[in-house]
1. What relative contact order, as a whole-number percentage, does the chain give when Cα pairs under 8 Å and 6 or more residues apart are counted?
2. Between 0 and 90 degrees, rounded to the nearest ten: what's the tilt of helix 215-231 against the longest Cα principal axis of the chain?
3. State, to one decimal in nm, how far the label point of Lys226 lies from the label point of Lys168, with both points 7 Å from Cα in the Cβ direction.
4. Hey, which lysines would be in cross-link range of Lys128, C-alpha to C-alpha under 26 Å, not counting anything within fewer than 8 residues on its own chain?
5. Would you work out which of Ala132, Leu69, Asn56 lies farthest towards the positive end of the dipole of the stretch 50-154, given +1 charges on the beta-carbon of Lys and Arg and -1 on that of Asp and Glu, about the Cα centre?
Amino acid sequence: MQKTDYGKIANTYNKRYVENYLMNIERELKSLISTNNYKNILEAGCGTGRWINCLNHDDFNIYGLDFSLEMLSIPKQKKHDLNIINANAVEIPFKDNFFDLIFCVNAIHHFPDKKKFVEESKRTLANKGMLAVFGVDPHIDKDWYVYKYFTGVYENDLKRFPSLDQLKILLPQGGFENIKIKSVENISVKRIGQEVFDDPFLEKHGNSQLANLTEDEYQKGIEKIKNQIEKNPQTVFTTSVIFYLVTAKKI
């Protein structure tokens with residue numbers, strides 16, 4: 001399984017939120033916090049701070065954790081009072097029973113040991129605390145043109161991303177109950193011909209999938225797209241992705 005060098009992605013990462021700000025995920029996250037009155041919260045894999053920055057820190061204590069110093073430098077530029085920590089999500093540097101909520105957004109596939117992340121979440125969550133995982137499942141949703149034109153990308157995603165079915169097994173084994181799954185955001189975009197090159201996700205460092213490719217592998221994919229447009233200028237390039245939310249309570 002290939003790992004992503006986020007030092008190369010950090011400066012362009014936030015372009016994805018210009019394309020789609022994922023407001024439904026934001027609403028769902030805020031609702032989880034307000035409905036349950038959570039006070040101590042951790043985002044595992046907080047990256048450039050999109051999610052910790054959107055929350056009202058006056059009502060609770062929120063911490064962001066990420067392994068990439070380059071990614072963590074972005075939220076520091078915007079806000080200086082954020083509690084952000086450079087650490088690994090499979091070795092959470094907090095005491096037992098500290099958090100009420102641990103969440104991650106489109107990040108769990110980067111954690112080197114999903115089982116250990118679940119175990120660490122249980123250890124650091126208070127009794128009846130919640131683990132909330134927002135993410136996609138390429139085992140179900142694979143209608144993304146990138147998978148078609150870039151060799152090996154889909155196969156690598158199947159290795160990196162835990163499926164919903166795998167999470168339904170992993171969470172109870174890790175000491176969680178009351179597992180719930182729901183779709184929270186549906187991304188559906190169709191670009192015709194040359195419009196595909198306006199997609200920020202098509203840039204080499206626009207996402208982890210393409211960043212993991214060698215320059216030669218990336219250019220071969222771009223050439224495939226160009227050749228297809230030359231054959232048919234009206235070729236439709238589809239992105240159809242569903243973000244799911246998996247929640248579970250610590251036993």
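1. Taking the mean separation of contacting Cα pairs over the length of the chain, I get 24 percent.
2. Result, in degrees: 50.
3. 4.5
4. Here the lysines satisfying the reach criterion relative to Lys128 are Lys30, Lys39, Lys95, Lys114, Lys115, Lys116, Lys168, Lys180, Lys182, Lys249, Lys250.
5. Farthest towards the positive pole: Leu69.
No value in this document is a laboratory result; all are computed from the given coordinates. Treat the numbers as computed from the prediction; the structure is a model and nothing was measured. All Cβ positions, glycine included, derive from the backbone under ideal geometry; neighbour counts span all protein chains shown.
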